[in-house]
Each structure stands twice: as C-alpha cells, then as structure tokens.
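Notes follow once the structure below has been shown.
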Amino acid sequence: MPYVVTQSCCADASCVVACPVNCIHPAPGEPGFAEAEMVHIDQDACVGCGACVTACPVGAIKADTRLSTGEQPFVALNAEYYEVFPHADRAPVAVVPPQRRLTRPGPFQVAVIGAGPAGLYTADELLKHPEVAGVDVYERLRTPYGLVRFGVAPDHTTTKQVSRLFATIERQPRFRYRLGVHVGRDVTLAELRQRYDAVVYAVGASADRRLDIPGEDLPGSVAATELVGWYNGHPDRAALEVPLDHERAVVIGNGNVALDVARILTADPETLVGTDLAAGPLGRLRTSAVREVVVLGRRGPAQSAFTVPELIGLSALADAGAIDVVIEADPDEPAGTDTRSRLLAGLARRTPSGDGQRRRIVLRFGHSPIELLGEHRVEGVRVVRNRLERAADGSVRAVPTDETSVIDAGLVVRSIGHRGLPVPDLPFDEATGTVPNDAGRVEPGVYVVGWIKRGPVGFIGTNKTCAEETVSSLLDDLDAGLPAPPAPAAAEELDGHRGRDRRRATVGAGS
Ligand code: NAP
C-alpha cells in the first residue's frame, strides 16, 4: 500500500528523514528542494511502512487507498516527479546526520525573537544541543504561532495541525516564552546581548507590497495581510473595514494568498463554522453580498504564482459543486503541457452551473490594475490588458497594451506579496525588505531566520531547513568563542526591570 503526499504538504522534510528506504524527494540538499512546492513519494519504491505518516506534522501523507476523489490527482503528481528524476539514480541521503557536539561546553543562552514557524523551528533546532541551556522565545503578541495562527486560511485545517508540532517544541524543559514583549520597544538588542550569548530574529515580513497606483488607499482597498489577519482574529486587525455589500470583489495578484482570500470570500460560511475563522468575520461573511471574486493575474496561466497542490484543491471544490471557477485567459497564448496548464485547462472546460446559486471565482489572466476608482470608497478597478514578452533567458514579462476596461467592485484586496519591515538596531536592505546576512549571520551573536532572512517565499516547513542553516552559523560562532559571553551581573539587571511576561507560558495547541 504506497503512500501519497497531498495538498497540505509543508515541505519541512520530516518525512524524508523518517523514510527507511529513501523514497521521498527532493530531499534537503538535493537540486530543487528549496523551490519545491511539495515533496513526492516514489510509489514504486515505497514499502508502505507508514513512518512518513507519523513524521508528517500536517497530515499530508495518505495511503493511496484512502484518498478522496478530490485528492486523486496527487497520485499522478507524485508519480510525475519520478518520471523526471528516476529514483534509481539517486544516492541515498535520507539518513539522520550525526549530532554535532560543540567543543565549548556552554551553557549557552539564546533569545529568539518571534514565535511563528521560523522562531519555533529555530528553538527546536537549538534545543537539540545540550550545550544550549535555555532558549527564550520573545513574542510581541500574547499568543504564539505567528502566521500558522493568523495567516493560514481557516479552511486549511490540516495545515494548522502543525501547531501540534509547535506544542511539542514548547514543552521542552529548556524552552521558555516571553509573550507580550515587543523587542525594539520594551527591550533593545543591546540589552538582549548583555543577557544572551546569541539573539535570533524570526520576525517575518509583516507589511504588504504596494501597487503604487491611484486610489490604492481608498476605503474598501485592503491588503491581503490585513484581510487574512482580520478573518483569523489577529488583535491588530479587529477594526478593519471590510465592505462586503457589493456582489463583486477583486483580488490583485494570483499567489496562494490570493487563492486563500478568494476561497474564504466565496465559501459557504457554514462550512467554516468550527474552524479558526474569527466570530466577527464569520457573522460578516454570513450576510455578505459577494457572489463573485475576480483574481487578477498580470501574466498568463503558465506564470501563475499559486502552487499546483492549491490548484488541485480548488479544482476539487469546483468538482464538488461548492463553487464555480471560471478561467479568462488570452486564447492566443499557447497552452502548456505541464500539470498546472492541464489543471487550468480542465477548469476552463468545466461549464459553470449557470443557476446563479453558486458563488464563483474568476481567474482572469493577462491584466494589471492601473487605478482604483471611486470617490469616497472603492467602486471599481481600471485594468489594462497585457501582452506577454519572452526574454532570451526564458523569463516572461507583462507589457501593457492600450486596451483598458473597468471591473465594478466594492472590495479590492491587494495580494501581491508580503514585505519585511526594518528591524530596530539591525541593517536593512530596502530593495528586498530583508536584513542582510550570510547564512543567517548578521554579525557574530546576531542572526536572522525565516522571511526577514530570505524574503517572503516558501512554505511553513521551508523554515526548518532555513533554521538549520542559521543555527549552524550560530553554533560555528559559539564554538569560535564569538562573541564574548555576556556578563552575569548584566543579565540579572535586565531581568529586574524589563519584559512583561516572565512566567513560563503554557500554550495550548491550535487556538
Ligand atoms: P506570491 O506567491 O509572491 O504571489 C504574488 C503575486 O502578486 C504574483 O501573482 C505576482 O505576479 C503578483 N504581483 C506582484 N506585483 C504585482 C503588481 N505590481 N501588479 C500585479 N500583480 C503583482 O505571494 P503570496 O501569495 O503572498 O505568497 C507568499 C508565499 O507564501 C508564497 O511562497 C506562497 O506559496 C506561500 N503560501 C503558501 C500557502 C500554501 O502552501 N497553502 C498559502 C499561502 C501562502 P508575478 O508572478 O507576475 O510577479
């Protein structure tokens, strides 16, 4: 009974390490791992032991006999990977590397700033080393788990299961939370450096990229980062104005966040009862007038930023009759033969219900917004049709034509990517929205991990390998005696007057 990796794969590769026969790829260190949308099981080599199922933190691995109809395409998706990279040609890599031992005995104390996935994977990685006597995880909010709590779509309940892994990490005896402490405001880096041997920033990318078009700041134009926080109950977003009184909303950008937003806005709210959707937004969605969400991609279907597993999930919703999905693309653009193109072509062939009962998501390609219209609030989006221009290096860019049109809408969600914010006391690269670093090292004693290190791309599990790299740099420095250890007296002093929550927090999984 072979196993199959399905939609919620977080790519943290725990399954790769657990697999006794090296049949899950790409593995960390193999070509393509960093960009992989998911890992894949070679069904010819799988011995059906189920070790990967136990190791997977998000319940993404299922026996091929237990797949729902909507999950069936994952059998082909797993298999296709091995048509390109046959299993037999691979050197075995799925072995647990020997535990590194530091030459200096410690005990070392480390502060991690940010209790999202990057921070918690980092704490876990550090606590594998007995020389690390304690890891304090600082978080400005009163609740940990960052984007897993406030970013993952409420209907992706299996993805949210990763919080069980985080609960296991935080139960380790040398782990301690400092919740409700805003580093940079309540405590400075200089003060932390007096107390800790090393400080790791895992503060993510909490801002949104700007469109820089007229009307962007009209009421009714919201950033996806804000809207997603609102429906997930983020305390900073409770008062967000989200007009749901028009039958159409437009989402700009076509990454996974855009799809999340489009699904939530078109979902039957009763299917979201019992999820992490906040009570206020659930009430608002119950009375929402939105019937159609137009997801605007500036380039063509082949360049769409959403991942294939998410597209399979969307197709399954359409197949189940939960929503209609309509594809609007330039008919002159040659259709690709890859899985993405085939799935989109399948959706395009499907006839919408036409009964007016179902809400619908329109994936409109080849259009860019040039202006948000409206006097006192958003009333529409002026868009321009693009043609695609292929460069010699294979990249494809959108070039505006002179053909414009208006899409009436009462809500516009700008979903064109996150952006990191400058971190007090650290250098900052404005162009990338990241803190310049070398394998996570900003300078000996100060490190970064996650989106503030590498930019806002990748999945929850991508943070595991990212954390391994940063912790490796940190351990190199500790071993080299860099920086000088903090003075014990200074540490006491900080303890006496800083930080608001020095109790050991016990935090339940998930909610
Ligand atoms: P993203 O994947 O980077 O997508 C950004 C989208 O915005 C792209 O379609 C991009 O188009 C478009 N865009 C950028 N600038 C634009 C402009 N000026 N005008 C119009 N369109 C513009 O960002 P994201 O959706 O925020 O996701 C961030 C990361 O989180 C991704 O790695 C994503 O996969 C991950 N994530 C994963 C899941 C999941 O696994 N379920 C869920 C949510 C997020 P171009 O391609 O043309 O630049």
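The values are calculated or read from the model by the stated rules, or taken from the named source; none is laboratory data. Just so we're clear, the structure is a prediction, and the values are computed from it rather than from any experiment. Positions of Cβ are backbone-derived with ideal geometry, glycine not excepted, and every protein chain shown enters the neighbour counts. What goes into the accessible areas is simple: the full protein's heavy atoms, side chains included, and nothing from ligands, DNA or RNA. Shrake-Rupley method; radii C 1.70, N 1.55, O 1.52, S 1.80 Å.
Within the shell of other residues whose beta carbon sits under 14 angstrom from the beta carbon of LYS464, the net charge comes to -2, with Lys and Arg scored +1 and Asp and Glu -1.
At 0.890 mPa s and 25 °C, plugging the Kirkwood radius over alpha-carbon pairs of the stretch 177-268 into Stokes-Einstein gives what diffusion coefficient in µm²/s?
My calculation gives 150 µm²/s for D.
Quick one: grab the alpha carbon gyration tensor of the stretch 209-416, order the square roots of its eigenvalues as a ≥ b ≥ c, and give me rounded if a/c is under 1.5, else prolate or oblate depending on whether a/b is larger than b/c. Walk me through the numbers on the way to the answer.
On the way: a/c = 1.73, a/b = 1.24, b/c = 1.40.
The shape class here is oblate.
Using the beta-carbon distance between VAL21 and ARG350 and R0 = 56 Å, what value does 1/(1 + (r/R0)^6) give for FRET efficiency, to the nearest 0.05? Efficiency for this residue pair is about 0.90.
Over all pairs of different C-alpha atoms, the chain has a mean inverse distance whose reciprocal, the Kirkwood radius, equals 24.3 Å.
Going by accessible surface with a 1.4 Å probe and the largest first, HIS25, HIS246 read HIS246, HIS25.
Protein heavy-atom accessible surface, 1.4 Å probe, per residue over the stretch 344-430: 53 Å².
Kirkwood radius for the stretch 362-475, taken over all pairs of different Cα atoms as the inverse mean of 1/r, rounds to 17.7 Å. Selection among SER405, SER341, VAL381 by position relative to the dipole of the stretch 321-459 gives SER341 as farthest towards the positive end (Cβ unit charges, Cα centre). Across ILE460, ILE312, the residue with the most accessible area heads the list, and the full order at a 1.4 Å probe is ILE460, ILE312. Phi-derived couplings, Karplus 6.51 cos²θ - 1.76 cosθ + 1.60 at θ = phi - 60°, listed residue by residue for the stretch 379-392: 10, x, 10, 8, 10, 10, 6, 9, 10, 9, 10, 9, 8, 4 Hz, with x used for Gly and Pro. Between amide H atoms placed 1.01 Å from N, distances below 5 Å from TYR177 occur with VAL137, ALA505, all of them 5 or more places distant or on a separate chain. With K and R counted +1 and D and E -1, the other residues having a Cβ less than 13 Å from that of GLY300 yield a net charge of +2.
Amide H contacts for PHE108 (H built 1.01 Å from N in the peptide plane; partners 5 or more residues away or on another chain; cut-off under 5 Å): VAL132, ALA133, GLY134. Shape class of the stretch 3-84 from the alpha-carbon gyration tensor: rounded, with the ratio a/c of largest to smallest axis under 1.5.
Karplus-derived 3J(HN,Hα) values for the stretch 99-114, using 6.51 cos²θ - 1.76 cosθ + 1.60 with θ = phi - 60°, are 5, 6, 10, 7, 7, 8, x, x, x, 9, 10, 10, 9, 10, 9, x Hz; glycine and proline are entered as x. If you take every DSSP beta bridge whose two residues both sit in the chain, what share of them, in percent to the nearest 5, is antiparallel? Restricted to the chain, the bridges split so that about 40 percent are antiparallel. Close amide H partners of GLY380, meaning residues 5 or more places away or on another chain with modelled amide H under 5 Å apart, are LEU373, ALA409.
For the stretch 261-276, the Karplus equation 6.51 cos²θ - 1.76 cosθ + 1.60, evaluated at θ = phi - 60°, returns couplings of 4, 4, 5, 5, 5, 9, 6, 5, x, 5, 6, 9, 5, x, 8, 7 Hz by residue, with Gly and Pro reported as x. Extension gain for ALA320-THR432 works out to 36.3 nm (0.36 nm per residue, less the C-alpha to C-alpha distance).
When all protein chains stay in place and ligands, DNA and RNA are ignored, the 1.4 Å accessible-area order of ARG419, ARG171, largest first, is ARG171, ARG419.
Taking the Cα centre of the chain as origin and assigning +1 to Lys and Arg Cβ atoms and -1 to Asp and Glu Cβ atoms, the resulting dipole is close to 1140 debye. Take the stretch 3-84 with all the other protein chains still there, run a 1.4 Å probe, and you get 40 Å² of accessible area per residue.
Solvent exposure of SER341, expressed as accessible area, is near 20 Å², computed with a probe of 1.4 Å over the protein chains only. In the chain, the portion of solvent-accessible area held by carbon and sulfur atoms comes to 52 percent [1.4 Å probe, whole percent, DNA, RNA and ligands not counted]. In the chain, helices alone account for a calculated mean residue ellipticity at 222 nm of -7500 deg cm²/dmol, with every DSSP H run of four or more residues adding -39,500 (n - 2.57). Taking GluC sites (Glu not before Pro) in DSSP loop conformation with at most 14 other Cβ atoms inside 10 Å as exposed sites, the chain has its longest uninterrupted site-free stretch at 36-240. Taking 4.7 Å between beta carbons as the limit, the unpaired Cys residues of the chain are CYS9, CYS10, CYS19, CYS23, CYS46, CYS49, CYS56, CYS466.
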